[in-house]
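Engineer: Before I ask anything, let me first share the structure, which is written out below as structure tokens.
The values are calculated or read from the model by the stated rules, or taken from the named source; none is laboratory data. Remember, it's a predicted structure, so these values are computed and weren't measured experimentally. Every residue, glycine among them, receives a Cβ derived from its backbone with ideal geometry; neighbour counts consider all protein chains shown.
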């Protein structure tokens, strides 16, 4: 079988496509023939081992898996003797934020990992695209209290996280506004919003409105820039550490403050987010945004496009 191979943390250009033996599932594992996976921002950490602290989750001093990849959708083609939760022939999908080695034609997954039956109403490409961004969006949202009428601004509507967050917030009755790039309005025109701001034409931080929460889904702004957008007890949440890593110490300070503050969204387990995502997929309330699809042979190109910062939605790898 083909896998995306590396011995150590490296750049996309150092990745190789290698032929290896199909693995044999252990007693508590399923063997999945992978149909689709994505190349996402979490994969950037798995590939590069940056920030350095990421290596304590993805493997230290070397990656835990030779193959990159954090999510998958595929079909079970084998199972260990202790597996009773799943059967050969079932279609499953899953995600783990410190890596599963799923950029491979076959992968063994322990049933204790976040793996679930794929909704029947979506394709493997859609299923793989529905995990990483939606998981982090769920994590953002569950750090605060969202009620019908809650005013939320999302910076970044065409990334996997921001797009999923907007769709989830709309199901909760929030009053959502967001930014988008000029050339991608067609990708977000259908999303319900109070305001849609073309960030190439206007600075969203100069808006006169005030919000209960600002979700910086692309991590390109800061608490300092967004503070004036917040109401008296408003909260800023970013997907990134912020300038000079300021978001974690600011979040610690926020524990002792009652006014405007930062919350850092340390992620919970996908075991809790994926059932919620499945429900939204089955009802059609969440449709993942897909940008490009690459064959596994073009994994370098897929990573480089994702790393360019120009992607609009999910970048998918097919097998």
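Engineer: Checking the conditions here, which among 267, 275 is outside any loop (DSSP other than H, G, I, E, B), outside the structural domain of residue 73 (by TED's automatic domain parsing), surrounded by fewer than 21 Cβ atoms within 10 Å (Cβ to Cβ) and in contact (Cβ under 8 Å) with a residue 24 or more places away in the chain?
Structural biologist: Values: 267 fails: outside any loop (DSSP other than H, G, I, E, B).
Checking each option against the conditions leaves just 275.
Engineer: With (1) modelled with pLDDT of 95 or more; (2) buried (at least 17 other Cβ atoms within 10 Å of the Cβ) as the list, and residue 82 as the residue in question, which single condition is left unmet?
Structural biologist: Failed condition: (2).
Engineer: Same structure again: Here's a check for you: in region 306-318, which residue that is more than 17 Å from residue 118 (Cα to Cα) and touching a residue at least 40 places away in the same chain (Cβ under 8 Å) is surrounded by the fewest Cβ atoms within 10 Å (Cβ to Cβ)?
Structural biologist: So, considering only residues that are more than 17 Å from residue 118 (Cα to Cα) and touching a residue at least 40 places away in the same chain (Cβ under 8 Å), the one surrounded by the fewest Cβ atoms within 10 Å (Cβ to Cβ) is 307.
Engineer: (1) more than 18 Å from the chain's Cα centre (by Cα); (2) without any contact (Cβ under 8 Å) to a residue 40 or more places away in the chain: which one isn't true of residue 292, the others all being true?
Structural biologist: (1)
Engineer: Under the condition of being part of a helix (DSSP H, G or I) and in contact with a strand residue (DSSP E or B) (Cβ under 6 Å, 6 or more places away or on another chain), which residue from region 237-251 is surrounded by the most Cβ atoms within 10 Å (Cβ to Cβ)?
Structural biologist: 247
Engineer: Out of region 199-224, which residues are free of Cβ contacts under 8 Å to residues at least 24 places away in the same chain and either outside any loop (DSSP other than H, G, I, E, B) or surrounded by fewer than 13 Cβ atoms within 10 Å (Cβ to Cβ) (or both)?
Structural biologist: Result: 200, 201, 202, 203, 206, 208, 224.
Engineer: Can you tell me which residue in region 278-305 is surrounded by the most Cβ atoms within 10 Å (Cβ to Cβ), limited to those that are under 13 Å from residue 37 (Cα atoms) and in contact with a helix residue (DSSP H, G or I) (Cβ under 6 Å, 6 or more places away or on another chain)?
Structural biologist: Checked region 278-305; the qualifying residue surrounded by the most Cβ atoms within 10 Å (Cβ to Cβ) is 303.
Engineer: Give region 293-311 a look and list any residue that's over 13 Å from residue 128 (Cβ atoms), outside any helix (DSSP H, G or I) and at pLDDT 95 or above, or say none.
Structural biologist: Listed by number, the list holds a single entry, 295.
Engineer: Taking the conditions exactly as written (over 30 Å from residue 72 (Cα atoms), exposed (fewer than 13 other Cβ atoms within 10 Å of the Cβ) and more than 16 Å from the chain's Cα centre (by Cα)), does residue 260 satisfy them or not?
Structural biologist: The answer is no for residue 260.
Engineer: Can you tell me which of 46, 107, 144 is within 28 Å of residue 154 (Cα to Cα), in contact (Cβ under 8 Å) with a residue 24 or more places away in the chain and crowded, with 24+ Cβ neighbours inside 10 Å?
Structural biologist: 46
Engineer: Find the residue count for region 227-249, including only residues that are in contact with a helix residue (DSSP H, G or I) (Cβ under 6 Å, 6 or more places away or on another chain) and more than 19 Å from residue 145 (Cα to Cα).
Structural biologist: The number of residues fulfilling the criteria is 1.
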